[in-house]
Amino acid sequence: MANIKFSRKEFEKHVKITEEIKEKIALFGTPLESLTTDEIELEIFPNRPDLLSLQGYLRSFLAFLGKKPGLKKYNVNKPDKNYVVKIEPSVKNIRPYTVCAIIKNLKFDDEKIKEIIDIQEKLHFTFGRNRKKVAIGIYPLEKIKLPITYKAEVPEKIKFIPLEMNQEMNGRQILSRHPTGREYAHLLEMAEKFPVFRDDKGEVLSMPPIINSQLTGKITSETKDVFIECSGSDLESLKKTLNILVTTLADMGGEIYAMKLNYGDKKIITPDLTPEKFKIKVENVNKLLGLDLKERDIKKLLARMGHSYNKGIVEVPAYRTDILHEVDLIEEIAIAYGFDKFEPEIPEVSTIGKEDDMEVKKRKIAEILIGLNLLEISSYHLVTKQDIKKTGLRIKIIEVLNSKTDFSVLRPSLLVNSLKVLSENTDAKYPQKLFEIGKVFVEKENIEENEKLCITLSGETDFTELKQILDYLMRMLSLEYKIEETDHPSFIEGRCGKIIVNNKEIGILGEISPSVIKNWNLKMPTVALEIDIENL
C-alpha cells in the first residue's frame, strides 16, 4: 500500500471536499488518511497503481461520482521516422525488455515536476517492486538525438555524470559512490555487464535501474517534450506502467507519440492504449452479488468505474492492471453500486464451526519449519511450460483455456515454483532456506488436487542439513520413515531418494542437478524435498 498526498487546492478545482465526498472517497476504496488546509492524503492499495497521480485519481474518481463516466479515450500519434529504440541481444540476461514513448507540448512548473517524480517513485516502490520488476526513466527530448539504443556494456566502459553529481563516474563507481547507486546496487552488482540507454551521438541517457545522466536525464521547467522508457523483466508489466505514465502526462496537457521498438526480427510499437475486452454475464453478476440488476444497470455501473459495456462485452482501460477475470468486473460493479447499500442476511442453516483437519496439519508443519528458521513462501498455481522444462520434468501438463499470459499450466510440483523464487532472488543473502505448502495438480481419470510440502535449501548448505530438517519434522509428527535410492530428472543421479512412510512412498529428496541449476541461472548448489502431506 502507498499513501499519496495531493494539493487540496488542485483537488478542489475538480471536486469540493465535503462530508459526503469524504464518504464517497472511502466507498471508492481509497481511505482518507488526513486532510489539512493544504493537503489531502489518501491510501492507495497495490492493485490500483493508476491512482498514484492526481490526474489518474481524478480521472477515476470523477467517473465514480458520475461526473465523467465511461471509458476515456486517448489519441496516440504515429511514430515519426527517427522515433526508434533498438534493443540489442546483450540485455537478454539482465533486463531484457523496454517500452518507450514520447510526450510533446507539456508545460512544466516546479509543482508538476514534483508530481512526475512522485508518481515515478511510487510506481517504482509498488508495482515495480522497488525497481526490480520495473524501472522508469524520463528525459528532456531536446537534449537527445534519436534513435536510441538499449544494450548491455562492461560497467567500466559506461561513463557519465549521474544525476545530482558533477563528476564523471563509470558503472562500478556509481554503485559504490552515488547514494542511489548504493541503495540499488544489489540489482546489478553480480552482473558482468550493465544495461544502458544511449542516444544516436553515443551519449548515455541512463544506466537502468539505477540512475539517469545529469546531462540528458533531468527535466526542468524549460522542458516541453519528453522521452519515457520503462525497463525490466516482464513485458506486460512494463506496458501497463508506460500506459499509466503516458495517460497521466496526457491529462496534464501533453500529446502522446508512439515509438518503434526493434527487438531484432521482432518489432513492436508502444504505447498501445487499445482497451482490453472481457465477457460478462448478467446472471453471474446477480448470482455473485445477490442482486437483481438489469443489463442497463450494469452498463451504468461499469461506466462509473471507467469502463464501457455493450452486449455482454466490457472494454477496460489499457492502464488498469487489476482486471484479469469476470469476477474482477463484478467487484467493480459492487463498488459502483455501493457496499453501504448491501443488506446483510443471516443464512437459513445451522452449522457448528470447526477448523479443517488439513488446515490444522498444514499449520502445525509450518510452525515447525518456521521454528527451524525456514522462510515460508506462497506462489501462484499457474506456471509456464518453460518453467516445467527448466525443472527437467517430463510429464503430461494440464493447460488452462484462454490464458492471457504465458502462465497457462497448472503446477504439477511445488519444486517448480521454489526454484523460480530462488532464481528471482539470486541477489539476496545466502543461505536461502524456503518452504511452501500448497496444492499441485495431476491428471488421472479427473484432475486431482494434492496438498504438498516443498523445502529448498540453497547456498551454504547440503544434503545433510536437509535430512536433519526432515528427521526433526518427522519426529515432531511422531512418524517413522526411511529413504530408498531412486532416480528423478530434477536431481543428481545417485543423490536422490524416495521417502517411505508406512511402506508407502510419500515424496522425494535430493541434490538438484547441475543442468537444472543452470536452466534457472542459480548461483549456488541447491537441495530440495517434496512430500505429499495428505498421506502423512
Residues located in segment 403-420, provided they are crowded, with 17+ Cβ neighbours inside 10 Å and under 27 Å from residue 188 (Cα atoms):
415, 416, 417, 418, 419, 420
Just to be sure I understand the filter: pairs with C-beta atoms under 8 Å, separated by 6 or more residues or on different chains, first member in segment 447-474 and exposed (fewer than 15 other Cβ atoms within 10 Å of the Cβ), second member of a type in the set (A, V, I, L, M) and part of a helix (DSSP H, G or I). Which pairs pass?
472/368
All helices (runs of 4 or more DSSP H) inside segment 100-186 with 2 or more residues being at pLDDT 90 or above and under 28 Å from residue 78 (Cβ atoms):
110-125
Just for helices (runs of 4 or more DSSP H) wholly inside segment 253-338: which have at least 2 residues that are within 17 Å of residue 28 (Cβ to Cβ)?
295-303, 326-337
Odd one out for residue 244, checked against (1) aliphatic (A, V, I, L, M); (2) in a loop (DSSP other than H, G, I, E, B); (3) buried (at least 19 other Cβ atoms within 10 Å of the Cβ)
(2)
Would you be able to say whether some residue in segment 475-490 is under 19 Å from residue 419 (Cβ atoms) and without any contact (Cβ under 8 Å) to a residue 12 or more places away in the chain?
yes
One residue is enough: does segment 410-425 have a residue meeting the conditions touching a helix residue (DSSP H, G or I) at 6+ places or on another chain (Cβ under 9 Å) and assigned to a strand (DSSP E or B)?
no
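Taking strands (runs of 3 or more DSSP E) that do not extend beyond segment 455-536, which have at least 1 residues that are within 35 Å of the chain's Cα centre (by Cα) and either among the hydroxyl-bearing types (Ser, Thr, Tyr) or assigned by TED's automatic domain parsing to the domain that holds residue 365 (or both)?
Details: elements: 482-485, 491-501, 504-512, 526-532.
Answer list for segment 455-536: 491-501, 504-512, 526-532.
The values are calculated or read from the model by the stated rules, or taken from the named source; none is laboratory data. Nothing here was measured: the structure is a model prediction, and the numbers come from that model. Positions of Cβ are generated from backbone atoms using ideal geometry, with glycine treated the same way; all protein chains shown enter the neighbour counts.
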